Structures are given as C-alpha cells and as structure tokens.
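Trainee: I'd like to ask you about the structure that follows.
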Amino acid sequence: MEELSNMLNRLLHRGDEEEIRQDELKKQIDAIYRIYAGTVGPEQLIINAGKYDALKYIHDENPGKRLLGLQRLILESRDYHIPPSPEDMPVVMDKLENRLSELLARRAVEERLERKIAARLEERQQDYVNEIRKEILKEEGAGETEQERNKLEKLKALDEIHLTDAALAQVRPQKLSDIVGQDDAVKATAARIASPYPQHLILYGPPGVGKTTTARLVLEEAKKRDSSVFGPDAPFVECDGTTLRWDNRDMTNPLIGSVHDPIYQGARRNLADSGIPEPKPGLVTRAHGGILFIDEIGELDPLLLNKLLKVLEDKRVFFESAYYDEDNKAIPSYIRKLFRDGAPADFILIGATTRQPDEICPAIRSRCAEVFFNPLQPEDISRIVREAATRLHVKLEDGVPDMVSEYTMEGRKAVSLLTDAYSLSVYEADGCRQVTVTRDTLKEAARSAHLTPWQFRVASPVPQVGHIYGLGVAGYWGSTIEIEAVVHPLGNREKGTIHFNDTAGSMARDSVTNASSVVRMITGKNLSDYDVHVNVVGGGNIDGPSAGAAITCAIISALTGKPLRQDIAVTGEISLSGRIKPVGGIAEKAFGAHQGGMKAILIPKQNALDMGSEYMHMKVIPVDTIQDILEHMLVRKKQKMKGSK
C-alpha cells in the first residue's frame with residue numbers, strides 16, 4: 001500500500017512538471033511572436049503570414065503547430081510541414097531567436113539610415129530652394145556680386161583679343177580640287193559619300209598626304225549634289241582614336257554614350273534628388289544624319305571598336321541602368337524615350353589610319369569600303385610649297401620648292417618647314433613688308449629642326465663586282481637596299497663558311513641559303529669550296545624574302561668576277577629552281593627605286609599586272625628566272641644592256 005502511494009505521488013509530481021514545462025514553452029513562443037510582430041509591424045505580419053501560409057498555425061493552441069507557423073514566418077519559407085517534436089523544440093527556438101536578433105539589428109541600422117537620409121533630404125531641399133531663389137534673382141537682373149560682374153567683364157574682354165590664324169590653317173585646302181597628288185583617292189572618296197547609298201570608308205595612307213582634309217571637305221561637296229542623301233544641316237563630327245578614353249564599365253563613354261546614375265556620377269540635381277538616371281548620348285548621336293570621322297582609327301581601343309560595330313548595325317544606341325524604374329511617374333519624357341527607344345545614331349563612318357590594312361580589325365574592314373592614298377611625289381611637294389607660298393604672300397627663291405622635297409615627303413611637314421623658313425626671313429627682314437625665302441634660309445630652318453635630306457641618288461653608271469641594289473618597303477615608303485658580296489678561296493681549310501649579318505633578319509638569311517643552291521646550278525661551283533660574305537649595308541631588317549634574287553646576283557657576280565649594273569634595282573623571291581616568285585609592295589618599291597635614281601627595275605613576271613611598262617620615267621621589266629635577271633644585270637664587253645635607254 002505504501003509503495004502504491006509513493007508511485008501516485010511521483011506521477012502527480014511528474015504531471016506538475018510537464019504542466020510547468022508546457023507553460024514555460026508557451027511563454028517563450030508568445031515572446032518570440034510578440035518580438036517578431038513588433039519588428040515587422042502588424043500589416044507586414046499579416047502579409048507575411050499569407051505569403052508563407054502560416055496564418056492557420058500561429059494562433060493554434062498546440063505549441064508544436066504554433067512553433068511550425070513561426071518557423072515559416074521568421075525563416076521565410078513554406079518548406080516546413082511537420083511540427084517539431086518536444087525534443088527538437090529547444091533547438092528550433094534557438095534558431096528562431098538567432099534569426100530575430102539579426103532582424104532586430106538590421107531594423108536598428110535601417111532606422112538610423114532613415115534618420116540620416118531624412119536629414120540629408122532636408123538639407124538638399126533647402127539647397128534646392130536657395131538655388132531656385134538665386135535663379136529667380138538672376139532672371140530679375142539682381143543678385144550678382146561685384147566680383148562676379150568683374151569676372152564676366154574680363155571674359156568678354158578676352159573674347160575681343162584675336163591673333164592671326166595658324167599658318168597650317170591659312171594654307172589648308174578649301175576644296176577637294178586643292179588637294180595635291182591624290183586625284184584618284186579623292187574621287188573615290190567623294191563618289192562613295194555622294195552616292196544615294198553612301199558607304200562607310202577607311203582611308204589608308206602615310207601621314208600628311210591629305211586624308212583628314214579630304215574627309216573634312218567631302219561632306220560639303222556631297223551636299224551640293226542632288227543624288228546625295230545628306231541634308232543641308234548634316235553634321236561633321238571629328239574625333240581622334242588615339243585620345244578617345246572610356247570606362248569599360250560604361251560609366252563614361254564619349255563615343256557611344258553612357259548613363260549618369262543619380263548617386264555616383266552626378267546626374268542633374270533635380271534628377272538625382274528623385275533617384276532618376278540620366279542618359280548622356282555620345283558622338284555617334286551627334287553625328288546622326290551626317291559623318292563621324294575618326295582619325296587614326298587603327299589606334300582605337302578594340303573593345304570600344306566592337307561597341308561601335310554594334311551601333312553601325314543597329315543605327316541606335318540603347319541604354320541600361322539598374323536605377324531606371326519604368327513605373328516611376330517622375331521620370332521626364334525624354335529620359336523615358338531614351339531608355340525605351342534608344343538614341344538615334346544613323347551616320348556614315350569615315351576612318352583614317354597610317355597603319356596597313358592587315359593591322360585593322362577585320363570586322364570593321366568588312367563593313368567599310370577602302371580607299372588608298374599614295375605617298376606624295378617630289379613634284380607634289382614642290383607644288384604644295386608653291387601654293388602655300390602664294391597663300392602666305394611669300395616669294396621663293398628658285399629651287400626652294402624642290403629643296404623642300406629633299407627633306408620631307410609629307411605635305412604637312414613641307415608646309416611647316418616653309419613656315420619656319422618664312423618666320424626666319426621675316427625676323428631677319430625686321431619690318432620689311434615683302435620677304436623672300438632663300439635656299440640658305442631654308443637650310444637654316446631645316447638645320448634648326450634637325451632635318452636631314454632623306455632623298456639620296458644612289459644609282460651609278462659605273463658597274464661593280466659583287467654589288468647590287470635590291471628594293472624594300474616599310475609601311476607606305478619604299479627604298480633601295482644596298483647589298484654586297486665577296487668570295488675568297490679556302491686556302492688550306494677543307495670547308496668554307498657563309499657569313500651574313502644577323503640584323504637583316506631570318507628570312508633574308510633563308511634567301512642566302514636558297515641562293516647558294518641556285519649559284520651552284522648556274523655556275524657549277526659549290527659555295528662550300530669558298531668563304532662567302534654577304535652584307536646588307538646599313539644592317540637594315542629585310543621583312544620578307546624579296547631580296548633573294550638580288551642576293552643571288554651579288555654572289556654570282558663576286559664568284560665569276562663579272563660586274564653588275566648599278567642603275568637597275570631588283571626585287572623578287574628566289575626559288576631553289578631559280579624561278580623568280582612574286583612579292584608584295586611593288587608600287588612602294590618602285591617609288592623607292594625612283595628616289596634612288598634608277599633607270600629601270602626588274603620585277604617578278606607575276607607582278608607585271610601591278611605595274612605598267614614604265615613608272616616615273618623608269619622602265620619596268622618583268623622577269624621569270626634568275627637567268628633573265630643576269631641577262632639584264634651582268635655587264636659584258638661590247639654588249640648593250642636590255643632595258644637600258
């Protein structure tokens with residue numbers, strides 16, 4: 001009986017403990033619920049309860065189900081379906097309490113930020129009111145300080161001071177017909193722009209030959225024609241690929257355009273206060289309906305060039321911004337239209353470059369017609385100098401224009417040199433109205449600019465053994481390459497050597513190797529029985545195998561003792577069978593031969609279509625084999641040379 005009584009007491013005591021534990025659990029759950037409701041507010045509580053389907057659980061009498069509802073609310077998830085067991089309830093409540101502490105901390109930070117934002121908005125509102133007040137006062141002609149009025153008067157006074165125009169601007173061509181030495185290129189450019197279907201263009205050529213001037217004038221010429229699509233107000237927008245800078249995050253892009261967000265990039269105050277981003281159209285939009293000219297387009301950043309290609313395809317620029325809210329009623333109509341429709345950018349692109357075509361992005365080349373401007377000839381430089389002297393009202397001593405062409409082949413540089421000589425003449429004349437630029441003055445101006453004559457007449461009527469002139473090209477300029485060879489008997493050694501200057505390049509060295517096989521085929525002599533030294537005078541790098549034929553002739557001449565003509569230049573790759581293979585840059589090389597004073601040039605037969613039978617009073621002679629070249633180059637007694645005049 002006593003044991004039964006003790007058992008009943010234990011059960012009653014355990015029941016009291018369970019009841020106490022349940023009461024404590026309910027109190028903890030009530031506390032968590034009250035804290036959450038106070039954090040988010042009653043309205044947000046109802047919204048969240050509906051969103052996470054927790055409404056049916058949070059007011060349930062069962063602590064487990066109520067705790068399940070709080071899990072869905074506080075942890076913001078519908079993934080909780082089973083009420084936690086009594087053993088799991090402490091762990092769940094710890095998790096909910098941690099989440100609540102995070103919510104409370106974030107709420108405290110948000111309230112502190114809201115107070116700061118409210119204070120900042122109030123300051124800006126006051127600044128905005130003051131700004132409007134100043135504008136109203138200015139409109140009424142009042143409010144300017146004496147200091148501000150003095151600065152305005154100084155600016156107006158500076159506007160009244162004008163110096164004479166720069167000399168280069170004074171002599172710049174005013175119409176297309178004034179551009180010297182580029183008739184074909186100017187005509188090709190004008191035809192493509194004045195067409196009913198104008199084309200994008202890339203203008204290639206060395207510096208100072210008229211590319212930029214042509215681009216500036218061609219639009220005005222097109223406006224005069226009925227077939228042109230350009231209106232009378234069509235713009236010409238000019239920029240330089242070497243100076244265009246942009247941010248790859250598109251925060252700034254003067255070419256394409258960008259969006260100034262209201263916080264970091266300084267959108268206008270009235271837009272920034274409303275949190276509205278402001279699109280800034282770029283040069284492509286300014287050029288809409290006209291021409292966008294990019295000088296030195298070959299230097300443009302590749303990524304920026306890709307963006308330009310997209311604009312050429314779409315003929316519009318589209319803007320994006322994380323700050324743009326289409327539903328914001330405060331957004332001005334023009335900003336809404338720019339974000340919705342983009343900015344118009346229907347223009348014709350003209351790019352100019354001093355690079356070679358293979359150095360330009362293939363994607364932009366495929367969208368553009370290509371026009372090539374030739375290097376200026378000495379007579380072109382002389383004409384440019386004479387016309388510039390006429391515009392500057394300067395007299396020239398006989399021979400001055402031709403003398404300028406000896407120092408430069410750039411039109412811009414020729415005018416600059418003439419201007420330097422003119423300035424020296426004026427300085428020395430000291431007040432004399434009419435001055436004359438003399439040869440001595442020009443020499444002094446060239447000397448002060450550290451210029452030396454670049455044009456050298458290397459051709460000679462006297463034949464030489466083991467000496468020949470090849471032809472090379474660098475960029476748009478050709479030049480003669482002086483090559484010499486000597487051959488010595490071995491003496492007591494068993495095997496000879498072939499020496500060649502390494503600075504001439506690996507491809508030129510390969511030409512010497514090929515030449516040794518051809519020499520054996522022609523003369524029957526093995527070069528390993530001799531010491532052979534081939535030298536490219538000056539040590540210049542030969543880009544390509546085009547000196548192979550000239551090197552072969554020099555070695556054969558040195559080996560046989562037969563002299564070579566020094567007034568004919570040779571170009572062409574030599575094959576192992578002695579065939580003369582085609583090479584590039586024939587026009588530029590022919591120009592270099594002319595500058596060297598040659599009477600004729602020998603070119604590969606397969607390049608014959610690149611040239612006529614005569615170029616600048618030089619004979620152009622196609623050859624097919626090394627034997628053909630030797631027929632023209634080797635001097636024999638009492639035999640007149642083929643190709644000589």
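Nothing in this text is a laboratory measurement; each read-out follows from the coordinates by a stated rule. This structure is a prediction, so every number in the text was calculated from the model and none was measured. Neighbour counts are summed over all protein chains in view; Cβ atoms, including those assigned to glycine, are modelled from backbone coordinates with ideal geometry.
Trainee: Between the helical axis of 506-523 and the dominant principal axis of the chain, each derived from Cα atoms, what acute angle in degrees is found, rounded to the nearest 10?
Mentor: So the helix axis and the longest Cα principal axis differ by about 30 degrees.
Trainee: Using the count of nearby Cβ atoms within 10 Å as a rough guide to exposure, how do E379, E320 rank from fewest to most?
Mentor: Taking fewest neighbouring Cβ atoms as first place, the list is E320, E379.
Trainee: Could you pull out every one of the lysines with an alpha carbon less than 20 Å from that of K156, ignoring same-chain neighbours closer than 8 positions?
Mentor: Straight-distance partners of K156: K138.
Trainee: Restricting to segment 460-633, compute how many DSSP beta bridges are antiparallel as a %, nearest 5.
Mentor: Taking every DSSP beta bridge with both residues in segment 460-633, the antiparallel ones total about 65 percent.
Trainee: Something else now. Taking the convex hull of the Cα atoms, report for segment 378-448 its projected area averaged over all directions, in nm².
Mentor: Answer in nm², one decimal: 4.1.
Trainee: Hey, fewest Cβ within 10 Å first, where do F591, F339 land in order?
Mentor: Starting with the residue having the fewest Cβ neighbours, the order is F339, F591.
Trainee: Within the set of other residues whose C-beta is less than 13 Å from the C-beta of E114, count the net charge using Lys and Arg as +1 and Asp and Glu as -1.
Mentor: That works out to +3.
Trainee: Something else about it: Please work out whether segment 511-579 counts as rounded, prolate or oblate from its C-alpha gyration tensor, where a ≥ b ≥ c are the square roots of the eigenvalues and a/c under 1.5 means rounded, while otherwise a/b larger than b/c means prolate and anything else oblate?
Mentor: In terms of gyration-tensor shape, rounded.
Trainee: For segment 423-498, which GluC sites (Glu not before Pro) are in a loop by DSSP, counting at most 13 other Cβ atoms within 10 Å?
Mentor: Counting only loop positions with at most 13 other Cβ atoms within 10 Å, the GluC sites (Glu not before Pro) in segment 423-498 are E494.
Trainee: Tally the DSSP beta bridges in the chain and give the antiparallel ones as a percent, rounded to 5.
Mentor: Bridges in the chain are about 50 percent antiparallel.
Trainee: With each run of n ≥ 4 DSSP H residues scored as -39500 (n - 2.57), what mean residue ellipticity at 222 nm is computed for the chain after dividing by its residue count and rounding to the nearest 500 deg cm²/dmol?
Mentor: Taken over the chain, the calculation gives -14500 deg cm²/dmol.
Trainee: Now a separate question. Can you pull a Stokes-Einstein diffusion coefficient for the chain at 37 °C (0.692 mPa s), Rh from Kirkwood over Cα pairs, as a whole number of µm²/s?
Mentor: The estimated diffusion coefficient comes to 97 µm²/s.
Trainee: Only counting other Cβ atoms within 10 Å, I'd like C361, C239, C553 sorted with the fewest neighbours first.
Mentor: Lowest to highest Cβ neighbour count: C361, C239, C553.
Trainee: Have a look at segment 460-633 and give its Rg and Dmax from the Cα atoms, expressed in angstrom.
Mentor: For segment 460-633, the Cα-based Rg and Dmax read 15.1, 52 Å.
Trainee: In the neighborhood of Y422, defined by Cβ-to-Cβ distances under 13 Å, what is the net charge if each Lys or Arg adds +1 and each Asp or Glu adds -1?
Mentor: On the way: positive: R391, K395; negative: E397, D420, E428, E444.
Result for the local shell: -2.
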